[in-house]
1. Can you spot the lysines whose alpha carbon is less than 23 Å from Lys93's alpha carbon? Ignore those fewer than 8 places along the same chain.
2. Taking the Cβ of Thr144 as the centre, find all other residues whose Cβ is under 9 Å away and add up their charges (Lys, Arg: +1; Asp, Glu: -1).
3. As a test question: what accessible area, to the nearest 10 Å², does Ser47 have when a 1.4 Å probe is rolled over all protein chains in place?
4. Each label point is 7 Å from the Cα along the Cα-to-Cβ direction; what then is the distance between the points at Ala62 and Glu117, in nm?
5. Using DSSP to define loop residues, name the trypsin sites (Lys or Arg not before Pro) in segment 47-146 whose beta-carbon has at most 12 other beta-carbon atoms within 10 Å.
6. Rounded to whole Hz and in sequence order, give me ³J(HN,Hα) for segment 70-85 from the Karplus expression 6.51 cos²θ - 1.76 cosθ + 1.60, θ = phi - 60°, writing x for Gly and Pro.
7. If you stretched the chain out fully between Arg70 and Asp52, how much longer would it get, using 0.36 nm times the residue separation minus the C-alpha to C-alpha distance?
Amino acid sequence: MRELCAFHEFLCRLRLANIMKIIAFMCLISLVFFELPIFAQTVSSVSFVTIDQGQDSGVTTARNVAIYKRKDWKTFWKEHAGDSTPPSINFRKKMVVAVILGTRSNGCYSVNIDNVENETGQQLIVYYTETMPGETCACTQAITNPYHIVKTKKSKLDVVFQGNTATLTCE
């Protein structure tokens, strides 16, 4: 009988230890999912300045680019704007980020880089919005190539582009 009580006590302790492990695991998971301060991501906004924005890029295919070197900048600018002189950029301190929508069927399309963020020092996120015409919009019937080109502080982080769409409401 004494062995049975000892065995029962052992099982109770084993169950209690497992229950405590399960509770600890659930607490850890809840901290991660609810992003409590010790696990919270640090996101900081990065300033940027528009270099060029419009609807007449020479680049006709959709493209998101990050440019870090003067040589690449000159090559990109030649495709974008032909033989015009590219704006001067200090590539030791700055980089260029561009969103090119590619060819669109009318003048109601546009693109805007809304924000650039450094997320936890792991990636640079470029948020942009593509605007397209609503059903009732009367748009210029011309082929366009919308674009937005900005310069920002140089970063070695991976650049990720996060697009959003908006529809014009025309009366």
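The values are calculated or read from the model by the stated rules, or taken from the named source; none is laboratory data. Worth saying up front: this structure is predicted, and the values here are computed from it rather than measured. So basically every Cβ, Gly included, is an ideal-geometry build from the backbone, and we count neighbours across all protein chains shown. Note: accessible area is taken over every heavy atom of the protein model, side chains too, but ligands, DNA and RNA are not part of it. Shrake-Rupley method; radii C 1.70, N 1.55, O 1.52, S 1.80 Å.
1. Cross-link targets: Lys69, Lys71, Lys74, Lys78, Lys151, Lys153, Lys154, Lys156.
2. 0
3. 100 Å²
4. Going by the 7 Å Cα→Cβ label model, 2.2 nm.
5. Lys69, Arg92, Lys93
6. Taking θ as phi minus 60°, the curve returns 4, 4, 5, 5, 5, 5, 4, 4, 4, 5, 6, 10, x, 8, 5, 6 Hz for segment 70-85.
7. Roughly 4.8 nm would be gained on extension.
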